[in-house]
Amino acid sequence: MQIRIRQSGQVMYEGEFRAYTKANGGPSWETTTTEILDNLGADVVFEGPQATGGTVYQYSQAAGVEQIDGKWYTKYVLGPVFADTTVDGVTTTAAEHEAAYKAIKDAEQASAVRQSRGEKLSECDWTQVADAPVDKAVWATYRQALRDITTQDGFPWDIVWPDTP
């Protein structure tokens, strides 16, 4: 559970709040209740709704707290959020950071798709032996479709896998 101190706006987890209260001459207590928090000038921070939508590159990430109808909630936004940075006099723009991040995510996704493709190919290697009791042409077509996955327009994020014969 997270707790927000009214006076400072600081948000911390329950264990941290207990230690903070004790370090500042406050009481200790068994079970944390809203009454105890109220007496200590603090409020529970409830879990807010996750951010939704966005692209394959985005995810819901915590971005502070917000008050809604008198209660405090964790606020979520779609991220990651990029900013310009300057290191040793060299500035990298937010757009450059974002492009680098997307390139990494594309490479990770492509690797995962290739691994799945490799597993699917391995699972049907037996169909290509001389005495396999299957239609080799059908299986060869399927295996070629697996190899062609990387040439699909949506690769690596939007894959249409061929049906297994």
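Remarks
- Residues in the range 118-136 that are charged (D, E, K, R) and closer than 17 Å to residue 148 by Cβ were compared, and the one that is surrounded by the fewest Cβ atoms within 10 Å (Cβ to Cβ) is 119.
- Residue-level check: of (1) at pLDDT below 95; (2) not in a loop (DSSP other than H, G, I, E, B), residue 75 misses just (1).
- Residue tally, condition without any contact (Cβ under 8 Å) to a residue 40 or more places away in the chain and closer than 21 Å to residue 55 by Cα, over the range 113-162: 5
- Candidates 45, 81, 134, 56 - the one that is at pLDDT 95 or above and among the β-branched types (Val, Ile, Thr): 45
- Test: residue 105 is within 20 Å of the chain's Cα centre (by Cα) and free of Cβ contacts under 8 Å to residues at least 60 places away in the same chain: yes
- The condition (being out of contact with any Lys or Arg (no Cβ under 8 Å at 6 or more places or on another chain), surrounded by 12 or more Cβ atoms within 10 Å (Cβ to Cβ) and assigned to a loop (DSSP other than H, G, I, E, B)) is satisfied by just one residue among 54, 9, 48, 25: 54.
The values are calculated or read from the model by the stated rules, or taken from the named source; none is laboratory data. None of these values were measured; they are calculated from a predicted model. Here the Cβ is made from the backbone with ideal geometry for all residues, glycine too, and neighbour counts use every protein chain on show.
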